[in-house]
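Structure record follows, encoded as structure tokens.
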Amino acid sequence: MNSNHINLKGLDRIELESYVQSWGEPKYRAKQLMSWIYQKGISDFESMTNLPKSFRHTLSSQATISRTEIVTSSVSTDDKSIKYLFRLSDGKQVESVLMFDQQRITACLSSQFGCAMGCQFCATGKMGFFKNLTTAEILDQFMGIEQELGREKSITNVVFMGMGEPFANYKPTIKAIRLLCNPETIGMAERRITVSTVGLAPQIRRFANEGLKCKLALSLNATTNADRSQLMPINFQFPIDEILSATKHWAKTTGELATLEYVLIRGINDRTKDAERLCQLMANLPCKLNIIPFNEIEDSNFQRPDANAIENFQKIITQNHYVAPIRFSKGNDITAACGQLRTIYHQAGKTMTGMI
Ligand code: SAH
Ligand code: SF4
């Protein structure tokens, strides 16, 4: 992609209108462009037959529409998930995962390349932070997967549970969500989009006021501040009471149930008293709980609890009348499961080991 060319993907309607007007074209060209870019998936301006020829030439010399390239894709043995490695226009590579579950086809998108949050149990966290993805780069993952799916199938749900912390890249992520949900572009239903956060309290409150019907998942993962700070250093800044109160604000404002995510790690957060404390924490919050058995990662001594321990943990929660399904992540064999995303990355002659 020529870096002097403006990327029209990722511009919202108003921005696109100002752009076309800056070339003396009427506003409605923005709507036409949006339809070509998002609905027809066309990135060659010359093929946009309802635009005047001279404007097509201008666009070809001044603008571009980004596309991602799929570097590799791997299908899990149960055929239930596919992991894609995308090359971004700056050469960096991010991973996105597609999961099939009955009628549901869920795209798990990345919001950053790497992550600065340093959660001890997460491969992306261990990789470190490299960059925020742009709105276009987030949309490129969605559109790249859609293209791979072909005409018969399409993505029904989106979860921001790939690489990175979406609320640490707040504006581009929200803009990508709005573009995904715009009927003039992709037209996803807002309620089919879930944003998962490590617990950045100010952004959770801000998200409540976006007027979006998207779902929120909070990665809680521990029941005391001492334990959570060990696992997730961000807890020093935003401790449990603060993130739960922000999540409660979100639930009250939107009228939705929040989801708490709890990665269950053997001997670390799977004790009876953890389950009991979890019930107490849930008592004050309109929420449900997803229990995610830990997925093994490199360079970590953490282990998944055995099946009995997982069931016992769940039992305590459900006996207290809370909904708490166990979510075995799909795609473990292709390291596409929650927390396993990590890219082989070459920088200045240094190779970071990866898991692909
Ligand atoms: N940064 C966001 C979203 C990406 S992580 C967040 O932390 O919520 C998506 C989910 O994967 C989170 O709930 C996280 O707790 C979980 N996760 C991370 N590493 C994991 C692992 N090794 N096994 C299982 N789940 C993991
Ligand atoms: Fe980042 Fe989420 Fe992984 Fe924590 S769990 S390091 S916030 S991607």
Calculated FRET value between R206 and K53, using beta carbons and R₀ = 41 Å, to 0.05: 0.40
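For n ≥ 4 DSSP H runs only, could you compute -39500 (n - 2.57) per run for the chain, divide by its residues and tell me the 222 nm figure to the nearest 500? Intermediate values should be presented prior to the final figure.
Working: 11 runs with 114 residues, N = 356.
For the chain, the value works out to -9500 deg cm²/dmol.
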Considering amide H positions built from the backbone, and no H for Pro or chain starts, which residues 5 or more places from A116, or on another chain, come under 5 Å of its amide H? E165
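Tally Lys and Arg at +1 and Asp and Glu at -1 over the other residues with C-beta under 11 Å from the C-beta of Q303: what net charge comes out?
Numbers: positive: R266, R304; negative: D270, E296, D306.
Net of charged neighbours comes to -1.
Quick one: length gained pulling A116 to Q62 fully straight, 0.36 nm per residue minus the C-alpha distance?
Values: separation 54, 0.36 × 54 = 19.44 nm, distance 3.51 nm.
Roughly 15.9 nm would be gained on extension.
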I'd like the accessible area for C108, computed on protein heavy atoms only with a 1.4 Å probe and all protein chains in place. Round to 10 Å², please. 10 Å²
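Using the eigenvalues of the Cα gyration tensor, what equivalent ellipsoid semi-axes result for the chain when each is taken as the square root of five times the eigenvalue, whole Å, largest first? Numbers along the way, then the final one.
Numbers: eigenvalues 290, 97, 65 Å².
Taking √(5λ) for each eigenvalue gives 38, 22, 18 Å, largest first.
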Jot down the radius of gyration and Dmax of segment 64-211, Cα atoms only, both in angstrom. 14.7, 42
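Treat every Asp and Glu Cβ in segment 69-352 as -1 and every Lys and Arg Cβ as +1, leave all other atoms uncharged, and give the resulting dipole magnitude about the Cα centre to the nearest 20 debye. Let's see the in-between values first.
Numbers: 32 positive and 29 negative charges, 117 e Å.
Charge dipole of segment 69-352: 560 debye, to the nearest 20.
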Determine ³J(HN,Hα), in whole Hz, for all residues of segment 316-327 in sequence, where each value follows from phi through the Karplus function 6.51 cos²θ - 1.76 cosθ + 1.60 and θ = phi - 60°; x replaces Gly and Pro. 4, 5, 6, 4, 8, 6, 9, 7, 8, x, 8, 9
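Can you put T124, T77 in order of accessible area, largest first, using a 1.4 Å probe? Intermediate results must be reported in sequence, preceding the final value.
Values: T124 5, T77 125 Å².
My answer, sorted largest first, is T77, T124.
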With Cα atoms, 0 to 90° folded angle of helix 170-181 axis to the chain main axis: 70 degrees
Which lysines have a Cα less than 19 Å from the Cα of K213, not counting those fewer than 8 places away in the same chain? K171, K175, K248, K252, K288
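Show D140, D90 ordered by accessible area, largest first, where the area counts protein heavy atoms only and the probe is 1.4 Å.
Details: D140 10, D90 75 Å².
Order by accessible area, largest first: D90, D140.
Leaving ligands, DNA and RNA out of it, rank S35, S111 by accessible area with a 1.4 Å probe, largest first. Please report the intermediate quantities before stating the final value.
Numbers: S35 25, S111 0 Å².
Largest to smallest exposure gives the sequence S35, S111.
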Considering only protein heavy atoms and a 1.4 Å probe, what is the carbon-and-sulfur percentage of the accessible area of segment 196-252? 50 percent
Which whole-number percent is the relative contact order of segment 21-167 (Cα, under 8 Å, 6+ apart)? 19 percent
Tabulate in residue order the Karplus-calculated ³J(HN,Hα) for segment 288-298, using 6.51 cos²θ - 1.76 cosθ + 1.60 with θ = phi - 60°, rounded to whole Hz; enter x for Gly and Pro. 10, 10, 9, 8, 10, x, 3, 9, 4, 10, 5
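Remind me, relative contact order of the chain in percent, using alpha carbon pairs under 8 angstrom and six or more residues apart? Could the numbers behind the result be given before it?
Numbers: 675 pairs, mean separation 50.3, N = 356.
Reported as a whole number, the value is 14 percent.
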Linear extension gain, N312 paired with I14, 0.36 nm per residue minus alpha-carbon span: 102.0 nm
Within segment 142-222, DSSP-loop GluC sites (Glu not before Pro) with at most 12 other C-beta atoms within 10 Å are E152
Roughly how many whole Å is it from the C-alpha centroid of segment 173-211 to that of segment 5-24? 22 Å
Cut-off of 10 Å, at most 11 other beta carbons, DSSP loop: longest stretch of the chain lacking such trypsin sites (Lys or Arg not before Pro): 152-356
I need the semi-axes of the equivalent ellipsoid of segment 6-64: take the C-alpha gyration tensor, multiply each eigenvalue by 5, square-root it, list largest first in whole angstrom. 14, 14, 11
Scan around A258 for amide H atoms under 5 Å from its own, H built in the peptide plane at 1.01 Å from N, and keep only partners 5 or more places away or cross-chain. C287, K288
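The values are calculated or read from the model by the stated rules, or taken from the named source; none is laboratory data. These numbers come from a predicted model, not from an experiment. Every residue, glycine among them, receives a Cβ derived from its backbone with ideal geometry; neighbour counts consider all protein chains shown. Surface areas here come from the heavy atoms of the whole protein model, side chains and all, with no ligands, DNA or RNA. Shrake-Rupley method; radii C 1.70, N 1.55, O 1.52, S 1.80 Å.
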